[in-house]
Amino acid sequence: MKRRFTYLWIAIGLLILFVFIYLPGISRYHELKSEEERLTRELHEIDGQIQKLQEEKSLLQNDLAYLEKVIREELGLVKPGEMIYKVVPGTKALPQKPPSENRSS
């Protein structure tokens, strides 16, 4: 009977030792794995951005209509003789009273 308790305490001691040795390593492994997944997603996003920029570069080098559109939109350049009208959204003209009502008597 005493021998069984000794084996039980040895087993419990080994179990506790196992938990203290391997548990931090296992949780660190999971942290590193999630970090790897996050970095992989970020890498895919950056690859997509690179692809879009390469496509835009190609358009700017080869498509004159696209180049003109970008120049007009981003730099605000116009051809000679053109006029630009800017519309300011969200503003209302205040109604004005006729000049006879504005005078104070």
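Per residue and in Å³, how big is the convex hull formed by the alpha-carbon atoms of the chain?
Values: hull volume 33.0 nm³, N = 105.
Looking at the chain, the number lands at 314 Å³ per residue.
Go through segment 52-89 and name the GluC sites (Glu not before Pro) that are in a DSSP coil and have 11 or fewer other Cβ atoms within 10 Å of their Cβ.
Working: sites: GLU55, GLU56, GLU68, GLU73, GLU74, GLU82; in loops: GLU82.
Answer by residue number: GLU82.
Dipole of the chain, Cα-centred, from +1 at each Lys and Arg C-beta and -1 at each Asp and Glu C-beta, to the nearest 20 debye? The partial results should precede the final answer.
Values: 16 positive and 15 negative charges, 172 e Å.
About 820 debye.
Under the 0.36 nm per residue contour assumption, what length would be gained going from the current alpha-carbon distance of GLU56 and GLU73 to full extension?
Details: separation 17, 0.36 × 17 = 6.12 nm, distance 1.48 nm.
Extra length available between GLU56 and GLU73 comes to 4.6 nm.
Any read-out appearing in this document is the output of simple, stated calculations on the displayed coordinates, not a laboratory observation. Bear in mind the structure is a predicted one, so any value in this text is a computation, not a measurement. Backbone-built Cβ (ideal geometry, glycine too); neighbour counts: all protein chains shown.
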